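Inspection log for the structure reproduced underneath, given as structure tokens.
The values are calculated or read from the model by the stated rules, or taken from the named source; none is laboratory data. For clarity, every value in this text was computed on a predicted model and none was experimentally measured. Here the Cβ positions follow ideal geometry from the backbone for every residue, glycine too, while neighbour counts run over all protein chains shown. What goes into the accessible areas is simple: the full protein's heavy atoms, side chains included, and nothing from ligands, DNA or RNA. Shrake-Rupley method; radii C 1.70, N 1.55, O 1.52, S 1.80 Å.
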Amino acid sequence: MAGLAAFVPSFFMVWWAWMNFTWFASAYDDGSSAFRALSMTVMFGALMMAAGVGAVFAGEAIWMALLGFIVMRLGMVGLWLGAWPAAHCAIP
């Protein structure tokens, strides 16, 4: 039962962050170099999160997973700022 209690929050953290990115990428991918660089940043953050999930099950500090989540969120902020002009112009 303790394993399940550790798995559910760690799965939700990774799933929610990645689902947000995939939704965004399907709607606003413009193929630009900036989009690709920020996508790589988000992917790097996802890898950091995955590397830190083991600490959750070992009962250790989850700094790597938290840092990966922060990197993903910062990448998404950059992507949303880049998409803002396109989304803003689409408003009637």
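Data overview
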{"read-out": "Accessible surface of the chain [probe 1.4 Å, protein heavy atoms]: carbon and sulfur percent", "value": "77 percent"}
{"read-out": "Length released on extending from Phe44 to Ala27, taking residue separation times 0.36 nm less the Cα-Cα span", "value": "4.0 nm"}
{"read-out": "Nearest-ten-degree value, helix 33-58 long axis tilted from longest Cα axis of the chain", "value": "10 degrees"}
{"read-out": "Angle between the chain longest axis and helix 2-28 axis [Cα atoms, degrees, rounded to 10]", "value": "10 degrees"}
{"read-out": "Per-q log10 I(q)/I(0), the range 33-81, q = 0.22 Å⁻¹ (Debye; single scatterer per alpha-carbon; no solvent)", "value": "-0.67"}
{"read-out": "The range 1-48: C-alpha gyration tensor shape, a/c 1.5 cut-off, then a/b vs b/c", "value": "oblate"}
{"read-out": "222 nm mean residue ellipticity, helices alone, for the chain (DSSP H n ≥ 4; -39,500 (n - 2.57); rounded to 500)", "value": "-31000 deg cm²/dmol"}
{"read-out": "1.4 Å probe accessible area per residue over the chain, in Å²", "value": "66 Å²"}
{"read-out": "Nearest-ten-degree value, helix 63-89 long axis tilted from longest Cα axis of the chain", "value": "20 degrees"}
{"read-out": "Binned Cα-Cα distances of the chain, short to long, each 10 Å bin given as a whole percent", "value": "17, 42, 25, 13, 4, 0"}
{"read-out": "FRET efficiency, Ala58 to Ala34 (Cβ-Cβ, R0 25 Å, nearest 0.05)", "value": "0.10"}
